[in-house]
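Asks: Please read through the structure below; I'll follow up with questions.
None of the figures in this text is laboratory data; all of them are computed from the coordinates on show. Only a predicted model underlies this, so the values are computations on that prediction, with no experimental measurement involved. Cβ atoms come from the backbone with ideal geometry, glycine included; neighbour counts cover every protein chain shown.
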Amino acid sequence: MIERDRLFIDGCWVEPAGRNRIEVIGPADGAPLARIPEGTTADVEAAVGAARRAFADWAATPVAERAAALRRIHAGLKARADEIGETISREMGMPLKLARRIQAGSPIAVFGYYAELLGAFPFEERAGHSLVVREPVGVVAAITPWNYPLHQISLKVAPALAAACTVVLKPSELAPLNAFILAEVAAAAGLPPGVFNLVTGYGPVVGEALASHREVDMVSFTGSTAAGRRVSELAAATIKRVALELGGKSAAIVLDDADLAAAVRGTLATCCVNCGQTCSAHTRLLVPEARYAEAAQLAATIANGYRPGDPLAEGTTLGPLVSARQRERVLGYMRKGIEEGAELLAGGPEPPAGLTAGWFVRPTVFGRVRPGSTLEQEEIFGPVLSIITYRDEDEAVTIANDTSYGLAGGVWSADLERAIRVARRLRTGQVDINGAPFNLQAPFGGCRQSGNGRELGRYGLEEYLEYKAIQLPPPAPQT
């Protein structure tokens with residue numbers, strides 16, 4: 001049992017205002033893994049007050065010093081990479097090999113990226129007779145999820161610190177242990193007191209107190225669309241800036257000239273990574289009607305090849321879902337798909353063989369999924385793929401766009417120009433062509449009910465900056 005009984009506020013590990021604790025459950029066996037403080041509104045007041053007091057001095061800190069601080073955090077995380085990977089594997093279930101590469105590797109890369117970006121970023125420029133300067137937005141509340149916990153934290157904290165904002169972090173109570181490691185690294189890196197603060201607790205208490213706090217200038221939230229809507233409502237009272245990265249129901253369109261085997265394999269990989277708990281997962285596979293039978297057979301074979309099991313065990317390719325509640329949600333969608341008449345090609349709601357403890361499900365593929373059905377429209381957040389057929393390119397684009405979300409998507413084709421043409425028609429924040437990899441320099445985020453704002457690249461830094469125009473007088477006439 002891991003015990004974390006302090007919060008990180010104003011540069012110190014302090015006792016929380018309340019005595020209650022939150023029990024963190026290990027998803028692989030359902031047993032208690034850790035206890036953390038259940039933060040209160042009083043803890044939020046202390047953290048926000050510290051961030052406000054620290055803001056002016058941090059905002060005046062030279063760019064080179066901020067970059068050096070980010071490099072020290074980058075080095076500190078890198079030194080603890082194995083610990084971070086194993087910690088996240090234990091607390092949210094990603095197989096250890098993947099967790100070390102993704103869950104630990106990505107935040108390390110993000111802090112390093114923003115340290116380097118600062119050296120070339122234009123914080124001021126001339127526009128006619130005006131000097132346009134970019135200044136930090138102020139105190140930032142970062143509210144983050146459990147599925148890629150430290151990655152999502154880094155996408156907010158690194159650019160916010162780079163922009164000279166101060167931060168109060170509220171991580172998910174389901175996977176919070178990695179955030180304590182970051183706080184230790186930030187302290188060791190010599191961040192001034194109050195620049196980075198950590199308050200753990202529940203969303204309806206700590207999260208809502210941050211979103212509504214008058215001294216918080218911006219909220220950056222990643223999570224469900226319903227929770228994002230609530231954050232927006234609370235933030236509206238003080239007209240603070242809000243950045244939201246929410247849900248998705250992304251479609252991969254396989255055009256008739258594509259390598260079908262590669263497309264099915266690649267789409268299932270994005271659907272099932274992290275046991276399907278990925279907002280940008282491609283969970284709808286759109287194939288030409290003439291190629292349905294081949295696609296269905298390929299998808300079933302590939303899905304049946306995944307090996308659910310203990311995330312720390314060698315050979316496991318699919319870990320558990322994060323919680324019993326999440327498992328029941330996913331199983332409910334599987335049952336709904338069967339009720340709606342979709343063709344069950346692989347998996348289903350029965351538990352994986354031999355896994356009686358923990359929150360495991362089988363990778364599942366449904367075929368002949370009807371456009372407009374529950375399975376096709378709603379975010380499941382589990383390893384469930386829906387295969388949908390289309391008659392022509394226009395119908396494929398219509399189906400892909402016909403949800404309330406707009407986060408990600410994919411296009412598969414032997415003709416790159418054709419694939420790009422189709423990608424331009426998709427109403428999403430990003431599109432992968434033929435399984436192209438994730439890019440830390442490109443903007444990540446969505447439109448419609450997938451949220452607003454962007455993370456990563458220089459675009460992510462700009463989210464934490466305000467523009468100021470300083471109008472300069474004309475030069476004095478020459479005498």
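Asks: Sort D29, D310, D432 so the one with the fewest other Cβ atoms within 10 Å of its own Cβ comes first.
Replies: Working: D29 15, D310 20, D432 23.
The order, fewest Cβ neighbours first, is D29, D310, D432.
Asks: Sort 442-453, 242-253 by packing, meaning the average of other beta carbons within 10 Å per residue, with the highest value first.
Replies: 242-253, 442-453
Asks: Starting from the amide H of L33, placed 1.01 Å from N in the peptide plane, find each other amide H under 5 Å away whose residue is 5 or more places distant or on another chain.
Replies: Amide H neighbours of L33: V24, I25, G26.
Asks: How would you classify region 199-296 from its alpha-carbon gyration tensor, with a ≥ b ≥ c the square roots of the eigenvalues: rounded for a/c under 1.5, else prolate if a/b is greater than b/c, otherwise oblate?
Replies: Since a/c reaches 1.5 and a/b is larger than b/c, the shape of region 199-296 is classed as prolate.
Asks: Nearest 5 percent is fine: what portion of the DSSP beta bridges confined to region 250-433 is antiparallel?
Replies: Here the share of antiparallel DSSP bridges comes out near 15 percent.
Asks: May I ask you to list the residues of region 157-197 whose amide nitrogen lies under 20 Å from a point 7 Å from Cα along the Cα→beta-carbon direction of V133?
Replies: Inside the label zone: 160-166.
Asks: Relative contact order for region 292-402: what is it in percent, counting Cα pairs under 8 Å that are at least 6 residues apart?
Replies: Numbers: 160 pairs, mean separation 26.4, N = 111.
This gives 24 percent for region 292-402.
Asks: Please list the radius of gyration and Dmax for the chain, considering alpha-carbon atoms only, with Å as the unit.
Replies: Considering the chain through its Cα atoms, Rg and Dmax are 23.2, 92 Å.
Asks: Could you tell me which residue out of S413, T364, F180 lies farthest along the dipole of the chain toward its positive end? Charges go on the beta carbon: Lys and Arg +1, Asp and Glu -1, centred on the Cα centre.
Replies: F180
Asks: Residue by residue through region 334-344, what is 3J(HN,Hα) from phi via Karplus (6.51 cos²θ - 1.76 cosθ + 1.60, θ = phi - 60°)? Round to whole Hz and write x for glycine and proline.
Replies: Karplus-based 3J(HN,Hα) across region 334-344 equals 4, 5, 5, x, 5, 4, 7, x, 5, 8, 7 Hz.
Asks: Tell me the relative contact order for the chain as a rounded percent, counting alpha carbon contacts under 8 Å between residues six or more apart. Can you show the working numbers first?
Replies: On the way: 1120 pairs, mean separation 83.8, N = 479.
Once normalised by length, the contact order is 17 percent.
Asks: Starting at the first residue of region 182-196, write each ³J(HN,Hα) from the Karplus equation 6.51 cos²θ - 1.76 cosθ + 1.60 with θ = phi - 60°, in whole Hz, x for Gly and Pro.
Replies: Listing the rounded values in order: 4, 4, 5, 5, 5, 5, 5, 6, x, 4, x, x, x, 5, 10 Hz.
Asks: Also, quick follow-up: Quick one: Debye curve from the alpha-carbon atoms of region 294-430 only, equal weights, vacuum; give me log10 I(q)/I(0) at q = 0.09, 0.17 Å⁻¹ to two decimals.
Replies: One equal scatterer on each Cα of region 294-430 leads to -0.32, -1.02.
Asks: Here is a further query. Could you calculate the contour length gain from R370 to R214, that is, 0.36 nm times the residue separation minus the distance between their Cα atoms, to one decimal place in nm?
Replies: 51.5 nm
Asks: Could you tell me the extents of region 44-83's C-alpha atoms along the three principal axes, largest first, rounded to whole Å?
Replies: Here the Cα extents, ordered largest to smallest, are 34, 28, 5 Å.
Asks: Please check which bits of region 338-356 a label hung off N304 would reach, taking the label as a point 7 Å along Cα-to-C-beta and the cut-off as backbone N under 18 Å.
Replies: In region 338-356, the label zone of N304 (backbone N under 18 Å from the point 7 Å along Cα→Cβ) covers 343-354.
Asks: Then there's this: Rounded, prolate or oblate: pick one for region 25-98, where a ≥ b ≥ c are the square roots of the eigenvalues of its C-alpha gyration tensor, a/c under 1.5 means rounded, and failing that, prolate if a/b is larger than b/c, else oblate.
Replies: Because a/c hits 1.5 or more and a/b fails to exceed b/c, region 25-98 counts as oblate.
Asks: Follow-up question, since we're still on this one. Between Q377 and V63, with labels modelled 7 Å along Cα→Cβ, what's the label distance in nm to one decimal, could you check?
Replies: Those two pseudo-labels are separated by 4.9 nm.
Asks: About the Cα centre of region 250-433, what is the dipole size in debye to 20, counting +1 per Lys and Arg Cβ and -1 per Asp and Glu Cβ, all else neutral? All intermediate terms of the calculation are to be shown ahead of the outcome.
Replies: Numbers: 18 positive and 23 negative charges, 95 e Å.
Its charge dipole is roughly 460 debye.
Asks: Further question: Want the number for A313 to N439: 0.36 nm per residue separation, take away the alpha-carbon distance, what's left? Walk me through the numbers on the way to the answer.
Replies: On the way: separation 126, 0.36 × 126 = 45.36 nm, distance 2.93 nm.
Using 0.36 nm per residue and subtracting the Cα-Cα distance, I get 42.4 nm.
Asks: Quick one: Karplus J couplings for region 421-435, per residue in order, coefficients 6.51, -1.76, 1.60, θ = phi - 60°, nearest Hz, x for Gly and Pro?
Replies: Coupling constants for region 421-435: 4, 5, 4, 5, 8, 7, 8, 9, x, 8, 9, 9, 9, 6, x Hz.
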